[in-house]
Amino acid sequence: MADKKAILTVDGIKESLELPVYEGTLGPDVVDVRSLTGKGLFTYDPGFVSTAATESKITYIDGDAGVLLHRGYPIEQLAEKSDYLETCYLLLHGELPSPAEKETFVSTIKNHTMVHEQLSHFFNGFRRDAHPMAIMCGVVSALSAFYHDSLDIHDDKHRVISAHRLIAKMPTLAAMVYKYSIGQPFMYPRNDLSYSENFLHMMFNTPCEDREISPILAKAMDRIFLLHADHEQNASTSTVRLAGSTGANPFACIAAGIAALWGPAHGGANEAVLHMLAEIGDESNIDKFIARAKDKEDPFRLMGFGHRVYKNFDPRAKVMKQTCDEVLAELGMEDDPMLKIAMKLEKIATEDEYFIKRGLYPNVDFYSGIILKAIGIPTELFTVIFATGRTPGWIAHWNEMISSDYRIGRPRQLYTGHQRRDYPA
Ligand code: CMC
């Protein structure tokens, strides 16, 4: 029950409306407006900036303080002390695993990494130069055509198996997309490797050559996955929830999330960062691009800067910057011209009045884009990596919704079109 209430008076409605106000564990109170529709009123909130669409126990963000907690644990501590698969377990189950639970979880994921052999034939239907996200939307959705044994969303066990399958198969599919684009044979996963080592193996090894995987690069990959694992009710997660609210199967819902992630204002930003760096081209052009970013008449924005929620700093970006430095040192790439532009841009933007005043700091995608480029991952694949990392978050939210008392998502509108009119005689 709510202890607090909000009173709403509306012109034309005689009595004041009493709305319950709920307190979360952390964060702002929420006003329960569900009774408004009975009074013939809707709330108006384009972009959902003031709307809590759901109750959730998974992730908490305080954008002003730069705080990100998964199940209560700060992201910095998870990045330092945990690893990606343990964080997946935490998101899915609500608690960190015991050593035995972790061992079982890691082994289960490893045993689901292969995809159905017939799925590999789907790739031939795509052009080799197709955008990897286009292929991912298709093949992830197609998983629902292969795993009929786990599609009953009201069966807890089915939901768990689907979660394991998705987390396990996403890197395999991501690497297959890459191999297809360059015309190399798909590499089967190797169960003796860790999650991120295995991903790098499937990406960069060939049947002719099994190169050793650098532990620093594998650690960086693990961090990239971990730092993207969840981010509460963002556009793609809300898309997964909305699709899931119709009763759609988990593979279809995650495919919907992948589509929503694709856009440059969301997951596509890491790719957009690299395109922007290429467009800037030379350090001497930076001032010109900074001026364009500030010009209200120019649609250009500095990609990798700013965030809808973080208006102080992005706690993931801090950790990512440290990993970025480690990777560049490991690869001896400190003098790469494009990376030099990135570093200079970061310095100027973080000292410039325009960006400081608006709380526009480098976000996680600014650094992840640079790291992925340095590792040798092609730009077009960046958002696929983001999608791979985000998969446990999407599933945790989908599962939380399906396990709760949910209704189909159905927003309303402020209609400003024509009045009723008759078709011309
Ligand atoms: N470069 C220049 N100016 C900017 C930028 C930018 N990257 N981002 C915001 N602004 C300005 C904007 O023009 C506005 O200025 P004013 O108040 O003078 O009109 C002010 O800052 C607030 O912008 P907004 O559009 O109201 O902010 P928003 O919260 O709606 O947008 C954003 C957030 C992430 C879409 C936006 O900052 C952006 O387009 N950034 C570049 C794309 C990017 O890096 N996206 C990745 C986000 S992190 C990954 C994820 O979590 O999905």
**Alpha carbon centroid spacing (whole Å) that separates the range 348-425 from the range 68-140** = 19
**Asked** At what distance in nm do the modelled label points of I356 and F48 sit from each other, each positioned 7 Å from its Cα along Cα→Cβ?
**Response** 3.5
**Prompt:** Semi-axes of the range 48-202's equivalent ellipsoid from the Cα gyration tensor, sqrt of 5 times each eigenvalue, largest first, rounded to whole Å?
**Reply:** 29, 20, 18
**Message:** Which one, H418, S141, F199, is farthest towards the positive end of the dipole of the chain when Lys and Arg carry +1 and Asp and Glu -1 on their Cβ?
**Reply:** H418
**Message:** I'd like the Karplus ³J(HN,Hα) series for the range 13-28: coefficients 6.51, -1.76, 1.60, θ = phi - 60°, whole numbers in Hz, and an x wherever there's a Gly or Pro.
**Reply:** 10, 4, 7, 5, 9, 9, 10, x, 10, 9, 9, x, 5, 9, x, x
**Mean separation of Cα contacts under 8 Å (6+ apart) over length of the chain, as relative contact order %** = 20
**Prompt:** Pulled fully out, how much extra length does the chain show between Y423 and F146, if you take 0.36 nm times their separation in residues and subtract their Cα-Cα distance?
**Reply:** 94.9 nm
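Could you compute the FRET efficiency for Q184 and L8, with r as their C-beta to C-beta distance and R0 at 45 Å, rounded to 0.05? Working shown, then result.
Numbers: r = 62 Å, r/R0 = 1.37.
It comes out at approximately 0.15.
Can you give the Kirkwood hydrodynamic radius for the range 229-369, in Å, rounded to one decimal and based on Cα pairs? Write out the running numbers ahead of the final one.
On the way: mean 1/r = 0.0609 Å⁻¹.
Computed over the range 229-369, the radius equals 16.4 Å.
Excluding ligands, DNA and RNA, what is the solvent-accessible area per residue of the chain at a probe of 1.4 Å, expressed in Å²? Kindly include the intermediate steps, with their values, before the conclusion.
Numbers: 21750 Å² over 425 residues.
Accessible area per residue: 51 Å².
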**Message:** Can you compute 3J(HN,Hα) from phi for each residue in the range 172-186, using the Karplus curve 6.51 cos²θ - 1.76 cosθ + 1.60 with θ = phi - 60°, rounded to whole Hz and x for Gly and Pro?
**Reply:** 5, 5, 4, 5, 5, 4, 5, 4, 4, 5, 9, x, 9, x, 5
**Complete:** Residues whose modelled amide H sits under 5 Å from the amide H of F313, counting only those 5 or more places away in sequence or on another chain, are G66
**Message:** Just to confirm my numbers, what's the Cα centroid distance between the range 184-250 and the range 1-52 in Å?
**Reply:** 40
**Request:** Return the carbon/sulfur percentage of the accessible area of the chain, one whole number, probe 1.4 Å, all protein chains in place.
**Result:** 52
**Item:** the range 1-136, relative contact order in percent, only Cα pairs under 8 angstrom and at least six apart counted
**Value:** 10
**Request:** Could you sort out which of K81/K157; K169/K321; K81/K344; K102/K157; K318/K344; K219/K347 sit more than 21 Å apart by Cα distance in this structure?
**Result:** K81/K157; K169/K321; K81/K344; K219/K347
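Rule-of-thumb check for the chain: C-alpha Rg over 2.2 N^0.38 Å? Present the calculation step by step, with values, prior to reporting the outcome.
On the way: Rg = 23.0 Å, N = 425, 2.2 N^0.38 = 21.9 Å.
Working it through for the chain, the quotient is 1.05.
The values are calculated or read from the model by the stated rules, or taken from the named source; none is laboratory data. Treat the numbers as computed from the prediction; the structure is a model and nothing was measured. Note that we place each Cβ from the backbone using ideal geometry, even for glycine, and neighbour counts take in every protein chain shown. For the accessible areas, the whole protein counts, side chains as well, though only heavy atoms, and no ligand, DNA or RNA atoms are used. Shrake-Rupley method; radii C 1.70, N 1.55, O 1.52, S 1.80 Å.
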